[in-house]
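Quick note: the coordinates plus some simple rules give every number you see, no bench work behind them. It should be emphasised that the depicted structure is a prediction, and the values quoted were computed from it without experimental measurement. Here the Cβ positions follow ideal geometry from the backbone for every residue, glycine too, while neighbour counts run over all protein chains shown.
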Amino acid sequence: MEFSFSSKYPFTSEAKQKVEGSSLELNDEIMERAVQRVVAALKGEKEHAYRLHPSDELIELGSYAAARVMLAYLKNRFLTGRFAVAEAKRASSFMRSDSEENIRKLGDELGIKPTEFEGRMVLPVSQYVSFSPRSVDYRLIFRNVAKGFVEVKRPEVIRLMEEAVRIRMEALKPVQSPPKIIQEYSKKLMVLVPKEAVMKMSFKEGDNPPCIEKLLEQARAHQNLNHQARWALAVYLLSKNVSMEKVHSIFSNLPDYDEKKTKYQLEHVVKRGYTMPACATLLSYGICVADCRIGSPLNWKGKVENWKKRKSSSS
Ligand code: SF4
């Protein structure tokens, strides 16, 4: 069955117009579905049953809109982040097999407009840098760039569009006093949210170099970390003898947290005996944020102790 553009991409203006042009009103069915949508995102359920049959289209679009209003009302950054990742991944799973016409239409809406130059697909640098994921593969220095354009492949365009959807999902206009039904279901939603999802992080701060503090801060703020950043953080913490359990709990704050995957990745780091990358490597990954001149983040403690010694002997 071919699903409609709006069902696949409920964040588009076409979907919005459909809802606004209908006589749809918030009711329990829509709200239940909206709650399910957020909870499924929290649990990382990729295959949750979206009802894409044409007769369900309006319910589905309404539930998407209602979920966004609830998130804006709750002002919970973690929930919003998880929802944004889930919706972006859902959209990109449709994009991968969608027609060129739909991809172009969606790209126009998201501000990602690839063109052709000498038989290659290219994207203006400004669009590329606005939506490229924080991964070393997407850094401009590793790309073919000419005359203000970056060469891209179709899967990369889809990945950039996924990022654009995620960013769009995270931008919520504050809602102060929504309809009563939204308030009621927001309460219900918070009851259903697994406890660990809103768990506060507890780890000692201040003993780590600036790059690691920054990664911890991003995790604490429920922001996404790219693959290299996660790996560097995991290797660092495990090298500092932070327990596996604690490292896992830190990673559980990331919006796209997946329990099994995280466990596998952490065990993999231990099994392979990865050692902390040098500052130069972290610099090339875009993780380094200061000029500490210590060679490796693991030397931070020694540097701090030296500073203290020098300070006390000069005073
Ligand atoms: S110099 Fe090394 S320790 Fe300091 S911020 Fe950069 S990567 Fe981290």
Cα-centred dipole magnitude for the chain, charges only on beta-carbon of K, R (+1) and D, E (-1), debye, nearest 20 | 1680
Taking 0.36 nm per residue of separation between residue 306 and residue 96 and subtracting their Cα-Cα distance, the length gained on full extension comes to 70.2 nm
Semi-axes of the stretch 5-191 from the Cα gyration tensor (sqrt of 5 times each eigenvalue, largest first, whole Å) come to 33, 18, 14
Can you tell me the 0 to 90 degree angle between the C-alpha axis of helix 28-43 and the longest principal axis of the chain, rounded to 10?
-> 20
Within the stretch 57-95, list the trypsin sites (Lys or Arg not before Pro) lying in a DSSP loop whose Cβ has at most 13 other Cβ atoms in a 10 Å radius.
-> 75
Cα Rg, Dmax, the chain, angstrom units = 22.4, 78
For the stretch 222-315, how big is the tail of P(r) above 24 Å, as a whole percent of Cα pairs?
-> 31
